[in-house]
Amino acid sequence: MFFWDIGLGFGIPAAPEAPTITCEISDDDEVTVSITGAAGATHYLKYKGTSDTEWQDGGSRSGDGDIIVSGLSVNIPYIFIVYSQIGSGPYSIPGLAVLTTLTTSSTSIGDYDSELIAAFDKVLAKIGKPVVYKPGGGGSRQIRAIIVRFPPAKVGPSGSQGRTPKAIIAVKNDSTEGISSTELDTGGDKISYPVRIGQDPQDCLIGKKVTSNIARIKLEVN
């Protein structure tokens, strides 16, 4: 088990923003995790199989770049997360988790797609929260989403507030239980959810699609 500290003032430096990661299968038992985060931060990688209870140490690195995780098993979905720290300050919240499955070369693409969808469904059922999707053309439906909230943007010396998304969310790539790539309209679609934990839900515009695959879509919510 591991924990994250949150800077609350009183001379404690603020935690860095949550890092973002992508995963690429680089060999039969390897995954290359590419990390992008705050300047000057050290990034720490954790991973586990979806059926495991304990997180494994995946290593760390100073600054942006890759960490290679080897010795993984095929046909098992793995969850990868990264959190960051600057100096001896507090840790960031973990970035949005990435789900990756290594498959044997004989596995058909159809089988791989089915496994990827089933694995994301498991993660969504465990840690997803109910939100309401409101297409720009009208109507709404309740879906589940994995939500990574960002702190409010800091006010600069001129008094202007820098732009930052309120959250990154991951939803199922599906027109019934999530949001499909074909129906998504980033010009007017909204997500209704509690921007801060404990608050009432509010409508927020979907700013852009970050990434997508057959199983899920990551979206920036403003």
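We did not get these values from a lab; they are worked out from the coordinates using the rules stated. Since we're looking at a predicted model, the values are computed, not measured. Every residue, glycine as well, gets a Cβ built from its backbone with ideal geometry; the counts of neighbours run over all protein chains shown.
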Most exposed to least, judged by fewest other Cβ atoms within 10 Å, Ser114, Ser192 sort to Ser114, Ser192
Relative contact order (percent, whole number), the range 20-125, Cα cutoff 8 Å, 6+ residue spacing: 27
Mind listing the long-range amide H neighbours of Thr211? Cut-off is under 5 Å, sequence gap 5 or more, other chains count too, H placed in the peptide plane at 1.01 Å from N. Lys218
